[in-house]
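Read through the structure below, which is laid out as structure tokens, and then see the notes.
Throughout, read-outs are computed from the coordinates displayed, never taken from laboratory work. These figures come from a predicted structure and were not determined experimentally. We place every Cβ from the backbone using ideal geometry, glycine too, and count neighbours over all the protein chains shown.
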Amino acid sequence: MYKYICMKTVLKVKLLTTKESHSALWRTMEDFNSVCNQLSKQAFDSKIYNKIKIQDAFYQWHRETMPKFSSQLLIRAMDVTAQSYKTKRHKKPNSFSQTSAVVYDARCLTLKDNSVSIWTSSGRLTIPIQVYNTELFKFRKGQVDLVLQNKKFYLLVTLEIPEAPQYDAEGVIGVDLGVKNIAVDSTGKIFSSDIIENKRKKYHSYRQRLQKRGTRSAKRRLKSFGKKESRFRKDINHQISKYLVSKAKGTQSAIALEELSHINDRVTVRKQNRNERMSWSFAQLRQFITYKCQLLGVSLLIVDPAYTSRTCNICGFCSKENRKNQAIFHCVSCGHADNADYNASKNIQKLGLDILNTNRVAVNLPIAPATQWL
């Protein structure tokens, strides 16, 4: 019988607030963090950092001081305060900003298909929500954080989703990751970086102008602009990873990727090309591919990247001379010519097949009979 393994992830839920509900959530956030700051000072002065001891020492005082504040949120504030002292202790009390996250549990927050019932300083409110898949609510586990981002409120819901059992892959899709083309798979699908490169140049130019200006307004815009660029990268990486994993699932194949960890320590680039090289988050793309593979039961194979871009996928001849330029591969031995990234993806596919076949042989090895003693 398959033993289900759960994968932890976070679902972001947007709250569609009105002016009144937005104000109520803002006041709740201020009150919660004000309580956390007061608890932090009391814990620091009395040298009490354990959650249960904090609750025994200060719960009744806060209930009498703020009788209208939710008793359950007060418990959560004590938990948050105790957790903060587990990770860091200074010569002064730990502090919480006005916009630090508010931690809710099932007693003061209920998620429904199209709305959330949530406790606020103005009473319990029902607020419409926007989320791409409400079916995931059934995997909710633990607490929910209320956060403020770009002047909008969101709920961060922790999920524990059972991983699908891995099927026996019938083939392998090799994927080459690069700068000129973000991803190229062994079936010939190319995710070009032309649009991405135009965006990168635009972002880089704008960032340089803001950094040169150096005013408070420029720094504020720089921070906002950085978040926008991050969201753009994340969206593209989600699209690429979803396509690759869905294709692998549909063809009952595994996915093979190169091991690119610490590649910046092994490979150097010219200074003028450094921004282009460092601008894309390949680690994030790999992370997205990994967790989507776990959810759909797709095998992920990691192969050695050595010489995959210099080796001919037809005859196997490896030479630096095979790469005439960044885009073209031309084998000097057999004359085979192809797109360089596609050729590399075919080599990655072959390495993935070797791993797949080796694992099959290891699984299917016959059990040796026991030694018979005469």
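Packing-based ranking of 339-347, 166-174 yields 339-347, 166-174, ordered from highest to lowest mean Cβ neighbour count within 10 Å. For the chain, the Cys residues with no second cysteine's beta carbon closer than 4.7 Å are Cys6, Cys36, Cys108, Cys293, Cys318. Taking θ as phi - 60° and the Karplus parameters 6.51, -1.76 and 1.60, the scalar couplings of the range 128-144 work out to x, 10, 10, 8, 6, 8, 6, 4, 6, 4, 5, 9, 4, 9, x, 8, 10 Hz in sequence order, x denoting glycine and proline.
Phi angles of the range 248-260 translate, via the Karplus equation with coefficients 6.51, -1.76, 1.60 and θ = phi - 60°, into HN-Hα couplings of 4, 5, x, 9, 6, 10, 9, 10, 10, 10, 7, 7, 9 Hz per residue; Gly and Pro are given as x.
For the chain, the Kirkwood estimate of hydrodynamic radius, built from reciprocal distances between every pair of different alpha carbons, is 25.1 Å. In a DSSP loop and with at most 16 other Cβ atoms within 10 Å, the chymotrypsin sites (Phe, Trp or Tyr not before Pro) in the range 78-146 are Tyr132.
Remark on the range 6-162: ratio of C-alpha radius of gyration to 2.2 N^0.38 Å is 1.07.
The relative contact order of the range 6-162 comes to 38 percent, based on Cα pairs under 8 Å that sit 6 or more residues apart. Highest-first packing order for the peptide set 200-207, 26-33 is 26-33, 200-207, based on the mean count of other beta carbon atoms within 10 Å.
A simple packing score, the average count of other Cβ atoms within 10 Å per residue, orders the peptides 57-66, 233-242, 184-193 as 184-193, 233-242, 57-66, with the highest score first. A straight Cα-to-Cα reach below 18 Å connects Lys141 with the lysines Lys8, Lys12, Lys112, residues fewer than 8 places away in its own chain not being considered. Using θ = phi - 60° in the Karplus curve 6.51 cos²θ - 1.76 cosθ + 1.60, the 3J(HN,Hα) couplings for the range 73-82 round to 5, 5, 4, 5, 5, 5, 5, 4, 5, 4 Hz; x is entered for Gly and Pro.
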